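Participant: This is the structure, below, for whatever I ask next.
The values are calculated or read from the model by the stated rules, or taken from the named source; none is laboratory data. No experiment lies behind these values; they were computed from the predicted model shown. Please note: Cβ atoms are built from the backbone with ideal geometry, for glycine as well, and neighbour counts cover all protein chains shown.
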């Protein structure tokens, strides 16, 4: 334990997701040893983030304008929507450079244990986007965990009422992985999603 404000800074960093006590301490001491100009810049950015950044009114992605850069891009395929849980998932998919359609960020996943149901997600907004018939395929890219699967199942059932193709991202073995370390569910999905060669 440190005195006063140093401990408060460590505690605040420790409250961030993915930051444990050791990491929080390292970050706090890095800030203490950094030049005041850099700390002032960090403080300025932290002060502006809540006022300048919000969520895209169309897809729910992070944006500094009313709509995000992806929704504003006329080169994107307007007939494809990839549904993801969080805005950070958009970045992960964009890094692959494989998808050129639009996105829809749900803002989480169905999790009864955490008290999150379908009404707590941006599902109604998704249905509104699909109403005009422009979209021909919805790709469900929720996490391959219990909550993500529940969300994908709920959405696939809901979307059967529309004339839209519903697909789910394949899941299975990671590149460079060993079969002996794969769990049964991952290995089972790899068998289900196998493709023809040649």
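Participant: Working only within segment 78-94, note down all residues that are within 23 Å of residue 131 (Cβ to Cβ) and either touching a helix residue (DSSP H, G or I) at 6+ places or on another chain (Cβ under 9 Å) or assigned to a loop (DSSP other than H, G, I, E, B) (or both).
Facilitator: 81, 82, 83, 84, 85, 90
Participant: Filter segment 161-175 down to the residues that are within 24 Å of the chain's Cα centre (by Cα) and assigned to a loop (DSSP other than H, G, I, E, B), then identify the one that is nearest to residue 140 (Cα to Cα).
Facilitator: Here the answer is 169.
Participant: Among 154, 181, which is farther than 27 Å from residue 63 by Cα and at pLDDT 95 or above?
Facilitator: 154
Participant: Here is a list: 97, 15, 75. Which entry is surrounded by fewer than 14 Cβ atoms within 10 Å (Cβ to Cβ), modelled with pLDDT of 90 or more and touching a helix residue (DSSP H, G or I) at 6+ places or on another chain (Cβ under 9 Å)?
Facilitator: The conditions single out 15.
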